[in-house]
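The values are calculated or read from the model by the stated rules, or taken from the named source; none is laboratory data. Just so you know, these numbers come straight off a predicted model, no measurement behind them. A quick note on method: Cβ atoms are made from the backbone with ideal geometry, for glycine too, and the neighbour counts reach across all protein chains shown. The protein model used for the area step is the full one, side chains on, heavy atoms only, and it has no ligands, DNA or RNA in it. Shrake-Rupley method; radii C 1.70, N 1.55, O 1.52, S 1.80 Å.
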Amino acid sequence: MATSDISMILPRVLIVSRRTVRKKKFVDFVGEYHLDLIVRYGAVPVIVPRVSGVHMLLESFEPIHGVLLCEGEDIDPSLYDAELTGFSPEELEEIRKLHASDTAIDREKDSIELRLAKLCLERNIPYLGICRGSQVLNVACGGTLYQDVEKELSKKCTDGSERVNHLNYENYDGHRHAVRVVEDTPLHHWFEDSLEDEKMEIMVNSYHHQGVKRLAQRFVPMAFAPDGLVEGFYDPDAYNPKEGKFIMGLQFHPERMRHPDSDNFDYPGCSSAYQEFVKAVIAHEKKLNCSAYVPKAPKLNQELEMKRKTILRSFSIAKNLYISGKGMISSQGSELIAGAEFLEANMALSLQQENRLKQMGATVRSSSMYLERLMKNEERERVARIIMEKMSIEQLSDLMSLYQMMGQKCSEELEKKLQDLMKEDN
């Protein structure tokens with residue numbers, strides 16, 4: 001297979017860019033660690049640019065086999081909390097100054113990512129949220145956030161040992177803090193070999209001043225920081241990577257948990273979130289391809305193929321005779337018999353219909369019934385076009401999948417009936 005063909009068969013993972021200022025211009029970027037891990041495990045990252053209006057164009061990025069959302073600015077608090085948690089103006093200003101690179105609200109990025117998160121939830125598309133991506137997932141499902149973890153959680157931590165520094169501007173990559181892993185969760189299985197028997201802790205890299213306050217009802221926690229902050233969660237009803245199910249959020253950064261000046265991870269389980277996510281993405285793509293697959297007509301042996309062609313020719317002659325209104329040529333009589341016999345064997349008729357058809361003869365019976373069906377189909381097609389013009393892309397996709405499945409069943413039934421005819425002749 002040519003290298004250029006590989007991207008055509010790999011599943012697509014959408015990742016929304018973050019913007020920064022370079023040379024007095026906005027520049028979109030995505031952390032390369034994320035891209036590298038997606039490619040390593042067998043998917044293609046498709047970057048969704050954070051530019052105005054993109055939230056209205058997400059259908060143009062179809063097919064979507066998975067969504068990975070990662071870093072970014074604070075989510076607009078009006079999307080999850082009407083009040084600003086009782087902060088005074090002085091406290092808000094202090095937070096803005098301390099976290100200047102994160103507190104500038106980016107409403108376009110919010111719109112794009114929340115739409116993608118809800119799309120994944122509605123259509124069971126695999127979703128992995130890292131850092132801000134986990135917060136987006138929680139908000140999309142009705143959860144809320146701490147607008148500043150240090151100020152809100154530190155008030156509850158009476159014991160100094162419970163306090164956690166969730167970011168270090170001086171040592172972004174090297175900063176670590178402990179999290180307690182919840183037993184029998186995906187995170188537990190990934191890091192099981194690295195956990196001490198009773199402690200159930202790992203040291204993680206994090207870089208955030210906000211976090212999950214009220215976890216949405218559908219999610220189950222996978223890890224907690226000593227101050228009680230949820231550091232990871234997932235939907236157990238939507239988690240089975242082999243079946244294409246994966247909905248998860250991690251507040252910490254497993255992709256950055258590496259030895260200094262090395263690409264070696266702190267723990268063997270660090271890359272598991274990406275590996276299992278891509279496994280789900282691949283399985284989801286296969287499911288979509290199966291539902292969109294239009295099976296070829298069954299391959300018949302030579303004798304059955306001859307009979308099929310004879311029946312099709314019979315219907316074609318009957319249709320032409322009816323439309324033209326001309327009389328039947330004597331040589332066509334024998335060719336019309338096959339179609340008439342097929343209809344007679346596969347249609348239940350009332351006594352009145354049967355008597356009438358006997359009077360009209362097999363030829364007229366075959367042609368008139370065929371044309372009647374044809375006219376009904378034309379009318380149905382006209383009505384269907386009107387209805388489908390008003391349908392969304394998602395609705396049309398579901399409808400297409402249904403009829404493709406029906407087409408497959410019809411093909412199977414036709415083969416069965418043709419084989420039954422063969423048995424009767426023998």
- Per-residue HN-Hα couplings for region 131-144, Karplus 6.51 cos²θ - 1.76 cosθ + 1.60 at θ = phi - 60°, whole Hz, x for Gly and Pro? 6, 4, x, 6, 5, 4, 4, 5, 5, 4, 9, x, x, 10
- Along Cα→Cβ, 7 Å out, is where each label goes; now give me the distance between the ones at MET388 and GLU196 in nm to one decimal. 6.4 nm
- Task: Multiply the residue separation of CYS410 and HIS259 by 0.36 nm, subtract the distance between their alpha-carbon atoms, and state the gained length in nm to one decimal.
- Result: 48.5 nm
- Query: How large is the accessible surface per residue of region 131-260, computed with a 1.4 Å probe and reported in Å² as a whole number?
  - Reply: 43 Å²
- Message: Suppose the chain between SER60 and ARG22 were pulled fully straight at 0.36 nm per residue; how much longer would it get relative to their current alpha carbon spacing?
- Response: 10.8 nm
- Task: Just add up the charged neighbours of LYS409: K/R +1, D/E -1, any other residue whose Cβ is under 14 Å from the Cβ of LYS409.
- Result: -1
- Query: What order do MET400, MET257 take when sorted by accessible area (1.4 Å probe), most exposed first?
  - Reply: MET400, MET257
- Item | Ordering of 122-130, 301-309, 43-51 by burial proxy (mean other Cβ atoms within 10 Å per residue, highest first) | 122-130, 43-51, 301-309
- Message: Please compute, over every Cα-Cα pair in region 108-235, the percentage with a separation greater than 25 angstrom.
- Response: 28 percent
- Query: If you roll a 1.4 Å probe over region 228-279 with all protein chains in place, what percent of the accessible area is carbon or sulfur?
  - Reply: 41 percent
- Task: Net charge near LEU215: determine it from the other residues with C-beta under 14 Å of the C-beta of LEU215, scoring Lys and Arg +1 and Asp and Glu -1.
- Result: +1
